[in-house]
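The values are calculated or read from the model by the stated rules, or taken from the named source; none is laboratory data. Since this is a predicted model, take the numbers as computed values, not measurements. Here the Cβ is made from the backbone with ideal geometry for all residues, glycine too, and neighbour counts use every protein chain on show. Ligands, DNA and RNA are excluded from the accessible area calculation, which covers all protein heavy atoms including side chains. Shrake-Rupley method; radii C 1.70, N 1.55, O 1.52, S 1.80 Å.
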Amino acid sequence: LSKKLVIAIDGPAGAGKSTVSKLLAQRLGLSYLDTGAMYRALAYKAQQAGIDSGDGEEIAKLMESTEIAFGTGEPQPVFLDGKDVTSSIRTMQMSELASAISAHGAVRRALVLRQQELVNQGGVILEGRDATTVIAPNADLKVYMTASLEERARRRHLEYQEHGHDGSFEKVRSQIELRDHRDITRDDSPLTVAPDAQIVETAGLSPAEVAEAIARLIP
Ligand code: DC
């Protein structure tokens, strides 16, 4: 197994991408890149700075003076300009804001550059909405993970609860539905299945079983 292996995973919110990616990273000795956390962290900073989520240019500019770093642990610590924002970026509000700012081409270009710097070092598993199509189209393995809206809402609801955040199941489900729609229909690098991606349906499977299925796909 090459140490420079790159695995890219895309899929809608709540498909289980992060849980499975972490398992695989551990098992294969790869580093894990949570690209959604970068959108969340930038969205959080923009909100704190009072920048409107519709102002893509201003938010992209903000990224020039922004440092986003990851630690190790579960949940994986996320540092925004040195400050631990791990829990603050997992709220329903930040899910919404991250999705909103991610529709701006300028914001995407700024984040994709940072993400590619990390991926180019190799030995990484990355996940998001454009990992297989834009960030790492030459990855050794490209996977599209998915599950029904109902199942994904259940998982995300649980995740919010684990982070101590509120939100009824119905609210989480309708937010995911809305976010799916926005992520899939945006003009700039929408969530889509790459032509050579392997589709992995995760309904009824445990994270370990999904990780196992993906590991078997490694060329
Ligand atoms: O994976 P997540 O729920 O943490 O992502 C939050 C939002 O960020 C998601 O709704 C869309 C955006 N995103 C993106 O546009 N591209 C990525 N590679 C990752 C996330």
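For this structure, a couple of remarks:
- Condition broken by Phe79, with the remaining ones in (1) surrounded by fewer than 20 Cβ atoms within 10 Å (Cβ to Cβ); (2) outside any loop (DSSP other than H, G, I, E, B); (3) within 12 Å of the ligand (Cβ to nearest atom) satisfied: (3)
- Test: Ser87 is open to solvent by 20 Å² or more (accessible area, probe 1.4 Å), within 18 Å of Asp130 (Cα to Cα) and touching a residue at least 60 places away in the same chain (Cβ under 8 Å): no
- The lone criterion from (1) within 16 Å of the ligand (Cβ to nearest atom); (2) within 23 Å of Asp196 (Cα to Cα); (3) surrounded by 20 or more Cβ atoms within 10 Å (Cβ to Cβ) left unmet by Tyr32 is number (3).
- Any hit, the stretch 181-196, residues being in a helix (DSSP H, G or I), under 19 Å from the mean Cα position of the chain (by Cα), surrounded by 13 or more Cβ atoms within 10 Å (Cβ to Cβ) and more than 10 Å from the ligand (Cβ to nearest atom): no
- Out of Arg40, Arg27, sole residue that is surrounded by 21 or more Cβ atoms within 10 Å (Cβ to Cβ) and either away from the ligand (no atom under 16 Å from the Cβ) or touching a residue at least 12 places away in the same chain (Cβ under 8 Å) (or both): Arg40
- Looking only at residues of the stretch 59-76 that are open to solvent by 40 Å² or more (accessible area, probe 1.4 Å) and part of a loop (DSSP other than H, G, I, E, B), we find that the one that is farthest from Ala139 (Cα to Cα) is Ser65.
- Pairs where the first residue, in the stretch 45-58, is assigned to a loop (DSSP other than H, G, I, E, B) and the second is open to solvent by 50 Å² or more (accessible area, probe 1.4 Å) and of a type outside the set (A, V, I, L, M), C-beta under 6 Å, 6+ apart: Ile51/Glu58
- Number of the exception - Val134 against (1) closer than 30 Å to Lys61 by Cα; (2) surrounded by 24 or more Cβ atoms within 10 Å (Cβ to Cβ): (2)
- Of all the residues in the stretch 19-44, those that are closer than 14 Å to Phe70 by Cβ, assigned to a helix (DSSP H, G or I) and among the polar types (S, T, N, Q) number 2.
- 1 or more residues more than 26 Å from Ala203 (Cβ to Cβ) and touching a Leu at 6+ places or on another chain (Cβ under 7 Å): qualifying helices (runs of 4 or more DSSP H) within the stretch 85-170: 92-101, 105-119
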